[in-house]
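Report on the structure given below.
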Amino acid sequence: MRRLAVVLAIICGAASAGQAASTWEIDPAHTSAHFAVKHLMVSTVRGTMGPVTGTAVFDEADITKSSVQATVDVAGIDTREPKRDAHLKAPDFFDVAKFPTITFKSKKIESVAPDKFKITGDLTMRGVTKEVTLDVAGTPKPINDPFGKVRLGGSAHTRINRQDFGVNFSKTMDNGGLVVGNDVDVTIDVELVKKADGAP
């Protein structure tokens, strides 16, 4: 989930100072959104979402002026158990027929250490928008791939309470524990490709 997440490794102090803001696209083929949630309070179920797409604008002169937008395909959710995946797509959980995507739009970016950042923004899931903060660790500088493209990478992490977003399905066990935990850890491993100057 979100986050989603997610993505904002562009903030990695990539290019030399003094350059104009640059635009980067998330590479869905090399980006993935993962989630982890407690089951029966004794184990952790892990899964992935569908493709992640989006763009980021990186201002090398002033990181606080950078921004990112990302969209996660919820219909592609995969926990390696078809019956569970079908339930997660149903109205009890994500209700993908009505809400097929999760989106994130940044509002604030802070540098906290070399190649580490906090990115605060609006996460929208099931039609509910809440502010979340992503902890981001990125690659220290861009690389040129064998095909002439410039790339950056990184990983973003956050924890959300699913009930804050209307994902309310739950059952309580005899000991008071929940069948499905409320806290969900979200990790987004991202790779970005720099747009060529003048590209739309």
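What's the local net charge at Pro91, with K and R +1, D and E -1, over the other residues with C-beta under 11 Å away? Neighbourhood net charge equals +1.
Ordered by the number of other Cβ atoms lying within 10 Å of each residue's own Cβ, fewest first, Lys83, Lys118 fall into the sequence Lys83, Lys118. Bridging of Lys194 to lysines at a Cα separation below 30 Å is possible for Lys65, Lys105, Lys107, Lys108, Lys116, Lys118, Lys130, Lys141, Lys149, once same-chain residues fewer than 8 apart are set aside.
Think of region 12-102 as a dipole: +1 on every Lys or Arg Cβ, -1 on every Asp or Glu Cβ, centred on the Cα centre; then among Thr44, Gly76, Ala29, Thr44 lies furthest on the positive end. Taking amide hydrogens as placed 1.01 Å from N in the peptide plane, the amide H of Arg126 sits under 5 Å from that of no residue at least 5 positions away in sequence or on another chain. Listed by Cβ neighbour count within 10 Å, with the fewest neighbours leading, Phe147, Phe169, Phe93, Phe104 appear as Phe147, Phe169, Phe93, Phe104. Taking a cut-off of 16 Å between Cα atoms, list the lysines near Lys98, but don't count ones fewer than 8 places away on the same chain. Counting by Cα, and skipping residues close in sequence, Lys98 has these lysines nearby: Lys89.
Going by how many other beta carbons lie within 10 Å of each one, how would you line up Lys98, Lys105, fewest first?
Lys98, Lys105
The numbers here are math on the coordinates, done by the rules we state, and not lab data. Note that the coordinates shown come from a computational prediction; the quantities given were computed from them, not determined experimentally. Note that we place each Cβ from the backbone using ideal geometry, even for glycine, and neighbour counts take in every protein chain shown.
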